[in-house]
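The values are calculated or read from the model by the stated rules, or taken from the named source; none is laboratory data. Values in this document were obtained by computation on a predicted structure and should not be read as measured data. Virtual Cβ from ideal backbone geometry, glycine too; neighbours counted across all protein chains shown. To get the accessible areas, we keep the full protein, side chains included, count just its heavy atoms, and leave off ligands, DNA and RNA. Shrake-Rupley method; radii C 1.70, N 1.55, O 1.52, S 1.80 Å.
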Amino acid sequence: MLDENLRRLGFDRSWLMKALKKQGENDPKKVFLMTADEDGNVFFCRKK
């Protein structure tokens, strides 16, 4: 997790975990790549 990038967008780890759970993922270690924009739109790819 890149905390500095989260802060730049106005988010934190708590927001990140909520965003993942909203997409059906509870474990950030299972995520290969996640992107978010300043509007909070999220895209992520799970590890295979």
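Things worth noting here:
- Total residues in segment 1-16, condition among the hydrophobic types (A, V, I, L, M, F, W, C) and open to solvent by 50 Å² or more (accessible area, probe 1.4 Å): 4
- Any hit, segment 17-39, residues being at positive phi and surrounded by 10 or more Cβ atoms within 10 Å (Cβ to Cβ): no
- Of the residues making up segment 4-27, those that are among the aliphatic types (A, V, I, L, M) and within 13 Å of G40 (Cβ to Cβ) are L6, L9, L16, A19, L20.
- Residue list for segment 19-48, filter: part of a helix (DSSP H, G or I) and under 16 Å from M1 (Cα atoms): A19, L20, K21, P28, K29, K30
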